[in-house]
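Notes follow the structure.
Quick note: the coordinates plus some simple rules give every number you see, no bench work behind them. Owing to the predicted nature of the structure, the values given are computational and were not obtained by experimental measurement. Every residue, glycine among them, receives a Cβ derived from its backbone with ideal geometry; neighbour counts consider all protein chains shown.
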DNA sequence: AGTAGTATCGCAAGTAGTAGCAATAGCGTA
DNA sequence: TACGCTATTGCTACTACTTGCGATACTACT
Ligand SMILES: [Mn+2]
Ligand SMILES: [Mn+2]
Ligand SMILES: [Zn+2]
Ligand SMILES: [Zn+2]
């Protein structure tokens, strides 16, 4: 099923703005930001408003073509939905980011499913904590 | 060790604004917002700026007296640090929030410690997913 | 009590989005 | 090709913070 068909199946329309956002996210590095996407698009199409970019990221997410994750408290990161899902470990001491395979997180997922009937999306928000390096350092320097 | 001593030990000072923020968070319901705290303080002290409240929440967090958690993408929730730690499960379909004991999350913590040397704070961000009720419903209605 | 040093303050501007609104433009149908 | 419905757009204002700056006021020291 191509883009137009997928859009129409949800009562959505194909617009220039929408395809530019999709194209930009496909060309962007993994974990890019909405601001970065808007900046790139506005280089060629300065009339396209940032709010349109935000709205289209949401629309493309509803379509299942893109997703977002949260690596820190402030900026949402966007990427295409077809890259392999993975979790993130972010150190609150040094800021380092580390990817972890979903398989490492599966035991927790299984437990939440069993105990709470809850199907978690453990790729959505990074897990914050203290990394190996920072843990091995005596105090905080 | 009392408040002033704890503050001074970190080169921090005791100000009216700071004690008002601490008092407000102690009187507030669990999982309150910075805006709510600012609003309450400004009823009695309208000259105190919201940015001062944000900065003091951070300072009191560095002192270990308060903490914050993220239940959704937008608003940070604050509470005193001495309440029992717990995780949160938030349903992206119906928005329901559920608390889970840290013990349920401990197997994942143990695994991340062992496999990655990473000490996670699983209480910091809510785990998003689909709750039991929403899962049992056929499509999405 | 008086003073120096600097943490903290109020204020204003900036950041990363979100939301309401009237104008525009896709899309199904004729 | 033309027409009507309404999804989407650009614009503006708003939310929830964050940051820079010069003024203020805690603290330690005398
Ligand atoms: Mn946080
Ligand atoms: Mn999110
Ligand atoms: Zn680290
Ligand atoms: Zn639900």
query: To one decimal in nm, how far is residue A:68 from the same spot in the other copies, if labels go 7 Å from Cα toward Cβ? Please give the shortest first.
result: 1.7
- request: For chain A, set up a Gaussian network in which alpha carbons nearer than 10 Å are linked by springs, and say which option among A:69, A:33, A:52 fluctuates the most.
  value: A:52
- prompt: Does the range B:1-75 come out rounded, prolate or oblate by the C-alpha gyration tensor, with a ≥ b ≥ c the root eigenvalues, rounded set by a/c under 1.5 and, if not, prolate when a/b is larger than b/c and oblate if not?
  reply: oblate
field: Choice from B:81, B:109, B:123 showing the highest fluctuation, given a GNM over chain B with Cα pairs closer than 10 Å
entry: B:109
query: How far is helix A:16-27 tilted, in degrees, relative to the longest principal axis of the Cα atoms in chain A, given as a value from 0 to 90 rounded to the nearest 10?
result: 40 degrees
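Quote the FRET efficiency, to the nearest 0.05, computed for residue A:42 versus residue B:103 with a Förster distance R0 of 41 Å and r equal to the Cβ-Cβ distance. All intermediate terms of the calculation are to be shown ahead of the outcome.
Numbers: r = 50 Å, r/R0 = 1.21.
Computed FRET efficiency for residue A:42 and residue B:103 comes out at 0.25.
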- prompt: What nm distances, shortest first, do you get from the label point of residue B:113 to those in the other copies when the point sits 7 angstrom along Cα to Cβ?
  reply: 2.6
query: Between the range B:38-65 and the range A:40-75, how many Å separate their Cα centres?
result: 33 Å
- prompt: Helix-derived [θ] at 222 nm for chain B: sum -39500 (n - 2.57) over DSSP H runs of at least 4, divide by residue count, nearest 500?
  reply: -13500 deg cm²/dmol
Between 0 and 90°, nearest 10: helix B:50-62 axis offset from chain B longest Cα axis: 70 degrees
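Pairs of alpha-carbon atoms within less than 8 angstrom and 6+ residues apart define the contacts here; what relative contact order does the range A:3-79 have, in percent?
Numbers: 75 pairs, mean separation 25.5, N = 77.
Result for the range A:3-79 is 33 percent.
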query: Is the range B:86-135 rounded, prolate or oblate when judged by the Cα gyration tensor, a ≥ b ≥ c being the square roots of its eigenvalues, rounded requiring a/c under 1.5 and prolate requiring a/b larger than b/c?
result: prolate
statement: Output row for residue B:23: copy-to-copy label distances, label 7 Å along Cα→C-beta, ascending, in nanometres, one decimal, is 6.0
Prolate/oblate/rounded call for chain A, Cα gyration tensor, a/c under 1.5 rounded: oblate
query: For chain A, what is the relative contact order in percent, using Cα pairs closer than 8 Å and at least 6 residues apart in sequence?
result: 19 percent
Model label zone, residue A:2; criterion: amide N under 17 Å from point 7 Å along Cα-to-beta-carbon; scope the range A:15-36: A:15-16, A:18-20, A:22-23
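Cut-off is 10 Å between beta-carbons; in what order do A:111, A:29 appear when sorted fewest neighbours first?
Values: A:111 18, A:29 7.
Ascending Cβ contact count within 10 Å gives the list A:29, A:111.
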query: Under a GNM of chain A (C-alpha, springs under 10 Å), which listed residue has the highest mean-square fluctuation: A:122, A:108, A:89?
result: A:108
query: For the residue pair residue A:35 and residue B:114, what label-to-label distance in nm results when each label sits 7 Å from Cα along the Cα-to-beta-carbon direction?
result: 4.1 nm
field: Spacing of the two label points (7 Å from each Cα toward its C-beta) at residue B:9 and residue B:23, in nm
entry: 2.4 nm
- prompt: Could you give the nm distance between label points at residue A:93 and residue B:85, where each point is 7 Å from its Cα heading toward the beta carbon?
  reply: 1.5 nm
